[in-house]
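The values are calculated or read from the model by the stated rules, or taken from the named source; none is laboratory data. Note that this is a predicted model, so its numbers are computed, not measured. For neighbour counting, all protein chains shown are included, and Cβ atoms are generated from backbone atoms with ideal geometry for every residue, glycine included.
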Amino acid sequence: MSENTITGAELAAQALIERSIDYIFSLSGGHITPIYQHLEGSEVKIYDTRHEQSALFMAEAYGKMTRKAGVAMVTAGPGVT
């Protein structure tokens with residue numbers, strides 16, 4: 001890739017930062033690691049869970065309690081591979 005190439009991960013990270021997202025509730029994995037890398041050094045805090053549904057429930061609860069965007073980000077699972 002050239003120096004001027006912007007990846008999808010970088011665009012996703014920029015969008016989260018520009019929208020002042022405070023927290024991401026996540027189930028980490030290889031497919032979303034590049035987004036994590038672009039969020040390093042930002043104000044966005046990542047809470048890693050052990051199950052996809054937990055991340056979604058946490059994001060929903062956060063959104064309802066704070067009236068801010070609740071963001072869940074999970075990786076591809078066994079059904080994808």
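Cβ-Cβ below 6 Å, separation at least six or inter-chain, first residue in region 1-21 and surrounded by fewer than 10 Cβ atoms within 10 Å (Cβ to Cβ), second at pLDDT 95 or above: which pairs?
No pair meets every condition.
Yes or no: Gly77 in contact (Cβ under 8 Å) with a residue 12 or more places away in the chain and within 21 Å of Gly8 (Cβ to Cβ)?
yes
Run Met65 past the list (1) modelled with pLDDT of 95 or more; (2) assigned to a helix (DSSP H, G or I); (3) surrounded by 10 or more Cβ atoms within 10 Å (Cβ to Cβ) and report the number of the one that doesn't hold.
(3)
Gln37 is checked against (1) surrounded by fewer than 14 Cβ atoms within 10 Å (Cβ to Cβ); (2) assigned to a helix (DSSP H, G or I); (3) free of Cβ contacts under 8 Å to residues at least 24 places away in the same chain and fails just one. What number does that condition carry?
(3)
Do the conditions hold for His31, that is, is it surrounded by 10 or more Cβ atoms within 10 Å (Cβ to Cβ) and either over 14 Å from the mean Cα position of the chain (by Cα) or part of a helix (DSSP H, G or I) (or both)?
It is false that His31 is surrounded by 10 or more Cβ atoms within 10 Å (Cβ to Cβ) and either over 14 Å from the mean Cα position of the chain (by Cα) or part of a helix (DSSP H, G or I) (or both).
Does region 40-62 hold any residues that are touching a helix residue (DSSP H, G or I) at 6+ places or on another chain (Cβ under 8 Å) and outside any loop (DSSP other than H, G, I, E, B), and which are they?
Ile46, Tyr47
Can you name the residue in region 68-81 that is assigned to a loop (DSSP other than H, G, I, E, B) and in contact with a helix residue (DSSP H, G or I) (Cβ under 9 Å, 6 or more places away or on another chain) and, of all such residues, is farthest from Phe25 (Cα to Cα)?
So in region 68-81, the residues assigned to a loop (DSSP other than H, G, I, E, B) come out as 68-70, 75-81.
The next check asks that each one be in contact with a helix residue (DSSP H, G or I) (Cβ under 9 Å, 6 or more places away or on another chain); those that pass are 68-70, 75, 77.
On the way: Lys68: 14, Ala69: 11, Gly70: 8, Thr75: 12, Gly77: 16 Å.
Residue satisfying both the conditions and the ranking: Gly77.
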